[in-house]
Amino acid sequence: MDIALNDFSRVYSAPDEILGNSGKSYELGDRIGGGGNGAVYECIDINGNILAVKFLLHFSDKIKKRFLQEVTVLKAVNHPHIIKYYDDGKVIAYDKKRNPHELYFVIMEKADCNLVEYLRKEISVEYDVYSGQFRGLCEALAELHKYAIHRDIKPENILVKGEKWVLSDFGLCQAVLPENRIDVTEENEKVGPAFWMSPEAITKYYLGTSEINASSDVFQLCMVFIFVLTREFPGGIIQEADIENTTQPIKELLLSAVSHKSTNRPNDGAVLLQLYNNATYYQSQNL
């Protein structure tokens, strides 16, 4: 079957069945989506489980290193609100001129949609839904920060699986421990999602004088939380009156988490989780 980028500038003929490093085989199915460097397809394992497989379709050393680090992070982290890793490997596929190429792939759980698609279908998201999902994503970020900084949190990278919201797409991750770090970021390279980049990520791009750290992930995740609550992009200077449909403690936490100055924010996922639990404790006692 054909594996292709979104714009079909790269198309590769691959077997209908691929073999993971675990020794398990997977039958390829329909295309789900993709981005600039890869494509995602449905696949089915021998037990009939429907999963997702992400193929890397660019072959530069830089992009390959980032993909392999993404696989390493997926293997290391384990949390219900982080996309679940199943397998990985590589397969020989052929371009239009019948030249062979190694396509690296990673197999994960298959989600129903991303957060943007979910919000388009839902008229509103009530407290009893978003409070638990926000907490789960804070837990996921706390777990991730033991291993890596995400650097690419945006609504499209939060997936919905049943009633659960999960953090995904670790292609721009930077490992926390130096011995695991394969950082190929160049000076003045734009690292992060358009519209959702932290102030220090933008400053790093323009001047190279700031560093992207765990509080940058806190900024991005809480910008997404505000987007869920307001259904408006939270650009510009955000004030308390701009955040509606939630409790006062959550408002105050979100405002601190999206502070322009990184030192005014919760400095990582673990601190964000603790503060979020504090912000929701009184509400839970009075339900």
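The values are calculated or read from the model by the stated rules, or taken from the named source; none is laboratory data. The shown structure was predicted, so the numbers you read here are calculated from the model rather than taken from an experiment. Every residue, glycine among them, receives a Cβ derived from its backbone with ideal geometry; neighbour counts consider all protein chains shown.
In table form, for the structure just shown:
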| read-out | value |
| --- | --- |
| Test: residue 266 is under 24 Å from the mean Cα position of the chain (by Cα) and in the same structural domain as residue 192 (by TED's automatic domain parsing) | yes |
| Flag if residue 34 is surrounded by 15 or more Cβ atoms within 10 Å (Cβ to Cβ), of a type outside the set (Asp, Glu) and either in the same structural domain as residue 177 (by TED's automatic domain parsing) or on the phi > 0 side of the Ramachandran plot (or both) | yes |
| Scope the range 1-31; condition in contact with a Cys (Cβ under 8 Å, 6 or more places away or on another chain) and loosely packed, with under 12 Cβ neighbours inside 10 Å; matching residues | none |
| Subset of the range 250-287 (residues that are modelled with pLDDT of 95 or more and aromatic (Phe, Trp, Tyr)) | 276 |
| Filter result (more than 20 Å from residue 278 (Cα to Cα) and either touching a strand residue (DSSP E or B) at 6+ places or on another chain (Cβ under 9 Å) or among the acidic types (Asp, Glu) (or both)) within the range 126-153 | 144, 147, 148, 149, 150, 151, 152, 153 |
